[in-house]
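See below for the structure under consideration.
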Amino acid sequence: MGRLVHFEIHVDDMDRAKRFYGEAFGWTFEDWSSYAGMPYFGAVTGDAKEMGINGALMQRQGPSPEPGSAMNGYACTMGVEDYDAAEAKILALGGKVALPKYALPGMAWQGYYIDTEGNIFGIHQPDENAK
């Protein structure tokens, strides 16, 4: 089986991106630049005993996505305990709404945002009462 085991988020400004994801989601980072031969920071996204994967922030090698362009890649979605509090942090840190909060009826709240580097990501709060 080809299980997803790692992700990479391409960024223009490494310090800005580390601050955004660190403060918005509590991620920590490890400098793996010497292995990658470019600015590359491993992202620890949570406790290894919890469901989820770790990934990295890597220096973007081309132009940033143009606003309004179609997605070219995968959208990462982060699980959150409090959707509204997570959204408030994202917006306070310079993120923007791409697709507002909506219900996945009987399952969860979902929405999509644009990070400080122009990338789209989602947040997801499980809630059986969502409608």
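The values are calculated or read from the model by the stated rules, or taken from the named source; none is laboratory data. Predicted model, so just to flag it, every value in this text is computed and none were measured. Cβ sites come from the backbone with ideal geometry, for glycine too, and all protein chains shown count toward neighbours.
Observations on the structure shown:
- Filtering 3, 16 for residues that are charged (D, E, K, R) and modelled with pLDDT under 95 leaves a single hit, 3.
- Scanning the stretch 1-21 for residues that are small (Gly, Ala, Ser) and either within 16 Å of residue 91 (Cβ to Cβ) or in a loop (DSSP other than H, G, I, E, B) (or both) returns a single hit, 2.
- In the condition set (1) over 24 Å from residue 59 (Cα atoms); (2) in contact with a Gly (Cβ under 7 Å, 6 or more places away or on another chain); (3) of a type in the set (Asp, Glu), residue 115 is compliant with all but (1).
- Scanning the stretch 73-90 for residues that are without any contact (Cβ under 8 Å) to a residue 12 or more places away in the chain and within 21 Å of residue 118 (Cα to Cα) returns 73, 88.
- Lone qualifier among 90, 120 - being modelled with pLDDT of 95 or more and either surrounded by 17 or more Cβ atoms within 10 Å (Cβ to Cβ) or under 13 Å from the mean Cα position of the chain (by Cα) (or both): 90
- Of all the criteria given as (1) within 16 Å of residue 7 (Cβ to Cβ); (2) without any contact (Cβ under 8 Å) to a residue 60 or more places away in the chain; (3) touching a helix residue (DSSP H, G or I) at 6+ places or on another chain (Cβ under 8 Å); (4) among the small types (Gly, Ala, Ser), the one not satisfied by residue 24 is (2).
- Pair list, Cβ under 8 Å, 6 or more apart: the stretch 111-122 residue of a type in the set (Phe, Trp, Tyr), other residue surrounded by fewer than 17 Cβ atoms within 10 Å (Cβ to Cβ) and not in a strand (DSSP E or B): 112/75; 121/75
- Beta carbons closer than 6 Å, at least 6 apart along the sequence or on distinct chains, pair a first residue in the stretch 31-46 that is under 13 Å from residue 8 (Cα atoms) with a second that is among the β-branched types (Val, Ile, Thr) for 44/28.
- The condition (being on the phi > 0 side of the Ramachandran plot, out of contact with any Pro (no Cβ under 9 Å at 6 or more places or on another chain) and not aromatic (Phe, Trp, Tyr)) is satisfied by just one residue among 2, 37, 42, 55: 37.
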